[in-house]
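This report concerns only the one structure given below.
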Amino acid sequence: MDPHPPLRFAWREEIIDREVSALHAAAFGGDGGLEPWAERLEHYSLGWVTARRGEELVGFCNVITDGGRHAFLLDVIVGPGHQGTGIGRSLVLHAIERCRASHVEWLHVDFEADLGDFYMADGLFRRTTAGILRI
Ligand SMILES: CC(C)(COP(=O)(O)OP(=O)(O)OC[C@H]1O[C@@H](n2cnc3c(N)ncnc32)[C@H](O)[C@@H]1OP(=O)(O)O)[C@@H](O)C(=O)NCCC(=O)NCCS
């Protein structure tokens, strides 16, 4: 087997719940329980970007929308063994391109303070004020 299969990015590619649940748990913790990702993505997302090395899912991000001008970037994740190699940046750039190709005018994202450099680099996003409430 090729130890370095090519990296491939895709938009709205079919995913299986187990692989996204595992990637999400690896990045954010949690019990790694199975979440119904495929159903949720189909119902609530403008689209999602997958990054695969061979068949392995190594990166993911999700773009949800109000159906109009606004979209929100969620769950930008790169597998722990693949971080720091540009995959995260590419995921975000792919998502932005897809938003540009649709009706979206504003792409929102929020993040922990230490990720400012990741999102602000190269003038991609600019800082704003926002609010959040835990329901
Ligand atoms: C955040 C995350 C998606 C970044 O993905 P990545 O593939 O490691 O990032 P990249 O290799 O594309 O890095 C792109 C740039 O952002 C910078 N960067 C990456 N992670 C960073 C971090 N945690 N803090 C500050 N800068 C960071 C890199 O140094 C790089 O800068 P450079 O181009 O000047 O070298 C990844 O670390 C991850 O999945 N983390 C856990 C989940 C998470 O917190 N997701 C964000 C939810 S808001």
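The values are calculated or read from the model by the stated rules, or taken from the named source; none is laboratory data. A quick note: this is a predicted structure, and the numbers were derived from the prediction, not measured. Cβ sites come from the backbone with ideal geometry, for glycine too, and all protein chains shown count toward neighbours.
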message: I'd like to know if region 45-60 contains one or more residues that are at pLDDT 95 or above, closer than 15 Å to Ser102 by Cβ and over 13 Å from the mean Cα position of the chain (by Cα).
response: no
Helices (runs of 4 or more DSSP H) fully within region 34-135 counting 3 or more residues that are away from the ligand (no atom under 13 Å from the Cβ): 37-44, 87-100
task: Could you please let me know if Leu73 is surrounded by 12 or more Cβ atoms within 10 Å (Cβ to Cβ) and modelled with pLDDT of 95 or more?
output: yes
